[in-house]
Amino acid sequence: MTEILREIGMIARALDSISNIEFKELELTKGQYLYLVRICENPGIIQEQLLELIKVDRSTATRAIQKLELNGFIEKKPDTENKKIKRLFPSEKGKEAYPFIKRENEHSNHVALEGFTETEAELAACLLRRIRKNIEKDWESVKKGQKRHY
């Protein structure tokens, strides 16, 4: 069987490492940029929606969100209809960091697809989306406490 997940894992870890180094100057650490980008792209998002977008557990997201708020990148605001719900918004500092993060992402995407034709790049994106959707089924199941059968 083809070991595609090892390749995907190595790519993800390399890009995460690069980003963590490059974003130190913004005072962002350990993957916080992922949360900040999604909050900037979806102002007013609630934590549960953010978990679904990033595919992380609640405790991991809670720690990252608390650090982003503590460091002034985001703000939590109560929902206008349900005060128990906290909505996440980028602060001015978060909005200023966003373009730099987006440029890094675009550069990394360009590097990753170097030498690919447009058709190959589209095919790779399509195949990766299919892989993600397959994995999401197990992620949802395990997240709800179910066991996978090997």
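For this structure, a couple of remarks:
- Every residue from segment 30-81 that is open to solvent by less than 70 Å² (accessible area, probe 1.4 Å) and among the β-branched types (Val, Ile, Thr): 37, 39, 45, 46, 54, 56, 60, 62, 65, 74
- All of (1) under 15 Å from the mean Cα position of the chain (by Cα); (2) farther than 26 Å from residue 145 by Cα hold for residue 51 with one exception: (2).
- For segment 93-150, the candidate set comprises residues that are in a loop (DSSP other than H, G, I, E, B) and closer than 18 Å to residue 18 by Cβ; within that set, the residue that is most open to solvent (accessible area, probe 1.4 Å) is 114.
- Taken over segment 1-20, residues that are loosely packed, with under 10 Cβ neighbours inside 10 Å and modelled with pLDDT under 90 amount to 3.
- Residue count for segment 68-92, restricted to those that are over 18 Å from the mean Cα position of the chain (by Cα) and assigned to a helix (DSSP H, G or I): 2
- Within segment 89-101, residues that are over 15 Å from residue 67 (Cα atoms) reach partners that are assigned to a helix (DSSP H, G or I) and of a type in the set (Asp, Glu) with beta carbons closer than 9 Å, at six or more positions or on different chains, in the pairs 98/41; 100/22; 100/25.
The values are calculated or read from the model by the stated rules, or taken from the named source; none is laboratory data. The model shown is predicted, which means the values in this text are computed figures rather than measured ones. For neighbour counting, all protein chains shown are included, and Cβ atoms are generated from backbone atoms with ideal geometry for every residue, glycine included. Please note that ligands, DNA and RNA were not included when accessible areas were found on the heavy atoms of the full protein model with its side chains. Shrake-Rupley method; radii C 1.70, N 1.55, O 1.52, S 1.80 Å.
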